[in-house]
1. Could you name the aspartates and glutamates whose alpha carbon sits less than 14 Å from that of B:K71, not counting residues in the same chain fewer than 8 places away?
2. What percent do you get for the relative contact order of chain A when only Cα pairs under 8 Å and 6+ apart count?
3. Identify, among A:A56, A:F144, A:I451, the residue whose Cα sits farthest towards the positive end of the charge dipole of the protein assembly as shown, taking +1 on the Cβ of Lys and Arg and -1 on the Cβ of Asp and Glu, with the dipole about the Cα centre.
4. Answer rounded, prolate or oblate for the protein assembly as shown, using the Cα gyration tensor with square roots of eigenvalues a ≥ b ≥ c: rounded when a/c is under 1.5, else prolate when a/b is larger than b/c, else oblate.
5. My understanding is that a pair violates if its Cα-Cα distance is over 21 Å; which of B:K51/B:K280; B:K241/B:K320; B:K149/B:K175; A:K22/A:K468; B:K174/B:K241 do that in this structure?
6. With the cut-off at 1.5 for a/c, could you classify the stretch A:322-552 from its C-alpha gyration tensor as rounded, prolate or oblate?
7. Through the Karplus equation 6.51 cos²θ - 1.76 cosθ + 1.60, θ set to phi - 60°, convert the phi angles of the stretch B:96-108 into ³J(HN,Hα) values in whole Hz; use x for Gly and Pro.
8. May I ask you to list the aspartates and glutamates whose Cα is less than 20 Å away from that of A:K407, ignoring any residue fewer than eight positions away on the same chain?
Amino acid sequence: MAARTFSFQKILDNPLFNWISKRRWWLLVAAISLSVFMPVAVIFLSWLNPQPDVWAHLTDTVLTELIGNTLSLTVGVALGVFVLGVALAWLTAMCQFPGRKIFDWALMLPFSVPAYVMAFCFLGLLDYSGPIQTWIRTHISADFDLSVRNLAGVICVFVLSFYPYVYMLARTAFMNQGRGQMDAARSLGCNSFQAFWRVMLPMARPAIAAGMALAIMETLADFGAVSVFNFDTFTTAIYKSWYGLFNIYAAAQLASLLLVFVIGCLWFEQRARGRARYEQHERQQKQNLYQLTGLQAWSASLFCLIVLSLAFILPVSQLVWWVVETQLADFDARFVQLMVNTLSLGATAAVITVMVALVMAFAQRVEKNPHMDRAARFSTLGYALPGTVLAVGLMVWFSWIDNSLIKLVNNWFGINTGQLFLGSVFALLVSYTVRFLAVAYGPVNSHLQAIRVSIHEAAQSLGASQRKVLWRVYVPMLRPGLLVAALLVLVDVMKEMPATLLMRPFGWDTLAVRIYEMTSEGEWERAALPALTLVIVGLAPVMVLMSKSRRH
Amino acid sequence: MRKLISVVALATLAAGCGKQEAPEAAKTEAAKSADPVTLTVYSARKEHLIKPLFDLYTEKTGTQIQYITDKAAPLLSRLNSEGANTPADMLITVDAGNLWKAAADGVLASVDSEALEANVPANLQDENNQWFGLSIRARTIIYAKDRVKEGELSTYEALADEQWKGRLCLRTSKKVYNQSLVASMISNLGEEKTEKIVGGWVNNLATDVFSNDTKAMNAVQAGQCDATVVNTYYYGRLQAKAPDANLAIFWPNQEDRGVHINISGAGVTKYAKNPAEAQKLLEWLSSEEAQQQFAQLNHEYPVNAKVSATPEVQAWGDFKRDELNVSEAGRLQPASVKLMDRVNYR
């Protein structure tokens, strides 16, 4: 007995084990980052197959226009979501005006409508042959012809679709800050706007930047909404090379350039932020809101109402109209199964992704290793890739693992297992994590940065292990951030289409898959039912999580 | 918080496991008994267009069919990556270009079948028997009855003429149907002439190109333009929804090569686990029994000459079809995309 314990002790004392144990957080983060980054790295491997013909053709013809369009679109959307998201967040988090309680969570609802559904609803309503212009031509001016299929139209749709990211994160940041600093600034002579601009806004910078980063990455990666508007962006070149020119290598090379651009932007933002620290020193108190009165109050309500109408009520009304037109013909037992699949995949993926994001953000507090932040950011890049490109990267990666495993097992044991990963729920969940880690990491990390390091040190000095510090100190304090992250991932996964299409197990169709099937055939009316269901299914989590995120 | 997570996780696991049992049970039951086989199909043709046929086949033969639907290019990537380990027995896809690419990538197997040779015309199947067309759609001209005079329409090429300035609507060049149309023109007329013609189309556009055929037809209805080029089944769907629309169908190029047609088709995969069964399914899909419904579900023309189209489709009239082998559309697709880029056809 003594001899056995002694040798067991020897194993634990092994220098290698010690080395691993000391650096376990860093290794954990490195392992996660690597496995999450690998499918993305597959895209970069395409450079091993140079395609000069395709590049020459694209540079000669469309590339300049595409890059110009993409840059204008990015700048327009960035400005739009910043202004709209921050303004709305400020109003609902810090001010009291009629209807604030409802607008608080309702302004998040546009998030459950996929961008391309929003795009199609708008085009259906506002295009030449749509009801509004037709009415104007019949009753006002017969020559009325407003073009909406252009940059302005696309920017509007994207801003209305993606402002929730900035709204959500800025709102929580403002709520965490409270009035204290604002009042302090005003007592020192700033007027309200100056206090806002010079104190509150910079303190909320990580959150706002995280929200804007998400909005921009989604804009760059989007293919559905720009297709509906037929607005050519860089992503258009990617699909043109792949589907049109039959050249997947050129497509992957273009996608990798897109990633490099995103990396550049994120790096630039990090540098600009410098070594500023965003820790909050004020205890979170029950809100002391600015009471708006008279004209100010009603303008605030009106502003919120207009945004909500344009971003949610109008598109959803269009969907409801179409559902009524088709008379629920497609609603059957199979449809209910779609709803179950969608919810279960979304919820599981949300839990997994948020946990991974939490570990990665927390690990940076445990080990002050500058590489950790970089590793973490690399692993969030899956979000910036166009959906189908990432899906193929994931598929290639899993396929390679499968093929190698099958060969190995066959050689060693003589059994042919068939595919293990590709086509399993596990692979699909991993795909969601790879794609949406950015969505979870942004909120979690920006909230984590607001927690004082001294709290962590105090807990440790009281004898808590790192794991205990995480569970019993950080998680309760981060609850709003975690819930925000979970909500974002849940709804994003429910809307997700390309990876689900390519990697789903047989029979695991989701609502997004059904939407795709209808819209790709141009049957938008029939796509309204699954789209509306998606919105309704997303309604409950939005309401619950938004209300929970307010009570800290 | 912990409770919330564990409850959610348990609930989803339960839902996931419980749900998995349904198709899994059917699958394992099928695997246990010797006869019923489960075929796996990768399909770029949407579920609501193939499921009724699969259900019919399962009822008739007992063979279970499991399938995954997606766009053609990702499915092809998946077949390429999976290689010999692919579970797919059959690939169904839309547009001859995609079929050509699948054959070129070497993911399909040659099928020697008398039934398929008899049911599918030679210009609608692969010369090496790797894929076979299953339904036909034509890409033809739709025009406004009240604004286009008798005799104004003749050919695709004529749409580039002066008289159509500001009266033409088109769908985007990014859609494979237009790429195939232009590819067939390159094959018939040569690249230089086609470039001039497509350039002429772009000059005659009344407004920016549309993302889908139905929108283009709506624009014609609303008066934004007078004519457009669409796939026949979109017109069929529009007719079904709005029978009194002021649109009419025109068959161009009846004096020369005929109307451009395209197909949806299928092939047995090279590494199919059940090649014989897959071949049987393919033969059945091309048979008279299946062809009627296959085409009818989508207002298309059946490929089997012995089967006639639905009365609504037949009401559009007979027309001369371009006899070009549809795989030419695939071979020339990259050239067609590059040509359209050069003339700014977005």
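1. A:E517, A:E521, B:E47, B:D95
2. About 23 percent, as a whole number.
3. Working it through, the farthest residue towards the positive pole turns out to be A:I451.
4. oblate
5. B:K241/B:K320; B:K149/B:K175; B:K174/B:K241
6. Oblate is the answer for the stretch A:322-552, as a/c is 1.5 or above yet b/c matches or exceeds a/b.
7. Once rounded to whole Hz, the list reads 4, x, 5, 5, 4, 5, 4, 5, 5, 6, x, 9, 10.
8. B:E82
We did not get these values from a lab; they are worked out from the coordinates using the rules stated. Since we're looking at a predicted model, the values are computed, not measured. Using ideal geometry, Cβ is built from the backbone for each residue, glycine included, and neighbour counts are taken over all protein chains shown.
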